[in-house]
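One structure is given below, encoded as structure tokens.
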Amino acid sequence: MITVETVQQRAEADAKTYGYDLNPNPDFLRDLLEGLKKNEERYGYPSCPCRLASGNFEVDRDIMCPCDYRDPDVAEFGACYCALYVRKDVFEGKTPLQPVPERRSLEKQARAYGTTTEVSAENKVESVATAAEASEIKMKLWYCKQCGYVVFREEPPYICPICKAKRELFAELRIRIDAIG
């Protein structure tokens, strides 16, 4: 059984590892932690409580808490999109919490709804495809050139979870199947 306390302990450990704090407002923090708990019970993984999850692990991989967008959001705005993780200056009240724009692409957001979108220059949705087309995810192997960490996903992580190298130090790993065996 997942408890809010378990979710909080995981979030606190992760925050400490990356030099962040959790949101200082206890009521707001509790609501976020309860949202993570409900999503983990519902989907089997802790999808971000502030975004719509599809229930498909591969589609939601980028919004599993801590999401792929957390580190650039905290660096630029002082908090992640849902404000679970905050920088020390925000935690201490030296910098006010400000709105964080959504970094998740419209295409990935549409996958959560079981559709895909094509977006014009004006960011208007022009067409919607079927859920079958939305399930086409192009997964790649990425490796960290600094420490050798390997991950299988659409895009490399923003920061290597092992050595903390930035996204630019990841390269796509291409393997010829006929060369194996």
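The values are calculated or read from the model by the stated rules, or taken from the named source; none is laboratory data. These numbers were taken from a predicted model, which means no experiment stands behind them. In this analysis, Cβ positions are derived from the backbone assuming ideal geometry, glycine residues included, and neighbour counts consider all displayed protein chains.
Just a few scattered comments:
- Filter result for L169 (more than 23 Å from S54 (Cβ to Cβ), at pLDDT 80 or above, out of contact with any Pro (no Cβ under 8 Å at 6 or more places or on another chain) and surrounded by 15 or more Cβ atoms within 10 Å (Cβ to Cβ)): yes
- Selection from the stretch 140-168 of residues that are on the phi > 0 side of the Ramachandran plot and of a type outside the set (D, E, K, R): G148
- Within the stretch 88-97, if we keep just the residues that are out of contact with any strand residue (DSSP E or B) (no Cβ under 8 Å at 6 or more places or on another chain) and in a loop (DSSP other than H, G, I, E, B), the residue that is surrounded by the most Cβ atoms within 10 Å (Cβ to Cβ) turns out to be T95.
- Scanning the stretch 35-69 for residues that are of a type in the set (S, T, Y) and not in a loop (DSSP other than H, G, I, E, B), we see that the one that is surrounded by the fewest Cβ atoms within 10 Å (Cβ to Cβ) is Y43.
- E136 falls short on exactly one of the conditions (1) loosely packed, with under 11 Cβ neighbours inside 10 Å; (2) at pLDDT 70 or above; (3) within 22 Å of the chain's Cα centre (by Cα), and that condition is (2).
- Selection of the stretch 1-22 for residues being touching a Phe, Trp or Tyr at 6+ places or on another chain (Cβ under 7 Å) and in a helix (DSSP H, G or I) yields only A15.
- Subset of the stretch 136-152 (residues that are within 19 Å of E58 (Cα to Cα), touching a strand residue (DSSP E or B) at 6+ places or on another chain (Cβ under 7 Å) and either in contact (Cβ under 8 Å) with a residue 40 or more places away in the chain or part of a loop (DSSP other than H, G, I, E, B) (or both)): M139
- Qualifying residue in the stretch 70-87 (condition: farther than 22 Å from F152 by Cα, exposed (fewer than 14 other Cβ atoms within 10 Å of the Cβ) and over 10 Å from the mean Cα position of the chain (by Cα)): yes
- Matching entry among Y113, Y85, Y158 (being modelled with pLDDT of 90 or more and either outside the structural domain of N56 (by TED's automatic domain parsing) or hydroxyl-bearing (S, T, Y) (or both)): Y85
- Top-ranked residue of the stretch 46-75 - restricted to ones that are in contact (Cβ under 8 Å) with a residue 60 or more places away in the chain and of a type in the set (A, V, I, L, M), ranked as farthest from C160 (Cα to Cα): L52
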